[in-house]
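Okay, structure first, notes after.
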Amino acid sequence: MDFRIDPARPAHHAVLGEITARAYLDDGLLDFGESDACLAELRDVARRAAAEVLVATADDDVVGGVTFVPSGGPMADIARPGEAELRMLAVARAARGRGIGEALVRACVDRARATPGCRGIVLSTQRTMRSAHRLYERVGFVRTPKRDWNPLPEPDDITLLTYALTL
């Protein structure tokens with residue numbers, strides 16, 4: 001499958017939002033399913049565009065995307081000064097296994113390298129996202145357990161793992 005990675009346009013937002021939501025729902029990554037508060041954020045690509053949203057397309061169809069938060073940019077959860085952040089990576093189930101996720105991550109790394117003053121890129125991931133962990137490690141990210149965090153005060157078992165790549 002040939003695909004391209006480009007900045008998302010408003011015409012991509014609804015489709016990418018649904019791909020992202022379906023990826024998290026269908027993979028069982030939302031603890032509260034359809035009622036999970038994160039679902040609205042996953043679908044709201046227009047809001048994420050305050051940072052930079054990249055989209056993967058194949059034959060003009062959206063097949064995946066990711067949010068790149070430049071150093072000091074909006075939408076960052078864990079980035080410190082001098083760090084960019086990668087968020088909400090998702091690839092449509094039918095397009096998985098073709099290198100799209102890795103290409104999206106590498107595009108974020110390239111953008112981080114091109115960001116003046118950016119010395120690294122960080123991300124958060126769920127414990128169960130083992131294939132994503134392997135992808136991040138393949139690209140050169142390393143675990144940063146001291147930065148693991150819980151996005152919700154309750155329940156306390158939703159700890160997100162963190163990874164970082166020094167540029």
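The values are calculated or read from the model by the stated rules, or taken from the named source; none is laboratory data. These figures come from a predicted structure and were not determined experimentally. A quick note on method: Cβ atoms are made from the backbone with ideal geometry, for glycine too, and the neighbour counts reach across all protein chains shown. Just so you know, the surface numbers come from the protein's heavy atoms only, side chains and all, with ligands and any DNA or RNA stripped out. Shrake-Rupley method; radii C 1.70, N 1.55, O 1.52, S 1.80 Å.
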For the range 36-89, fraction of C-alpha pairs farther apart than 13 Å, in %: 60
Pair ARG147, LEU167: separation of 7 Å Cα→Cβ label points (nm): 1.3
Kirkwood hydrodynamic radius, the range 52-119, all distinct C-alpha pairs: what's the number in Å? 12.4
Per residue value of the accessible surface for the chain (all protein chains in place, 1.4 Å probe), Å²: 51
Work out Dmax and Rg for the chain from the C-alpha atoms and quote the Rg first, both in angstrom. 14.8, 43
Ignoring ligands, DNA and RNA, what percent of the 1.4 Å accessible area of the range 1-109 is carbon and sulfur? 50
Once fully extended, how much extra length lies between ASP59 and ASP26, figured as 0.36 nm per residue of separation less the alpha-carbon to alpha-carbon distance? 9.5 nm
To the nearest 10 Å², what's SER35's accessible area with a 1.4 Å probe? 100
Take the alpha-carbon positions of the range 97-144, form their convex hull, and give its projected area averaged over all directions (one quarter of the hull surface) in nm². 3.6
Largest first, how would ILE19, ILE5, ILE100 line up by accessible area (1.4 Å probe)? ILE5, ILE19, ILE100
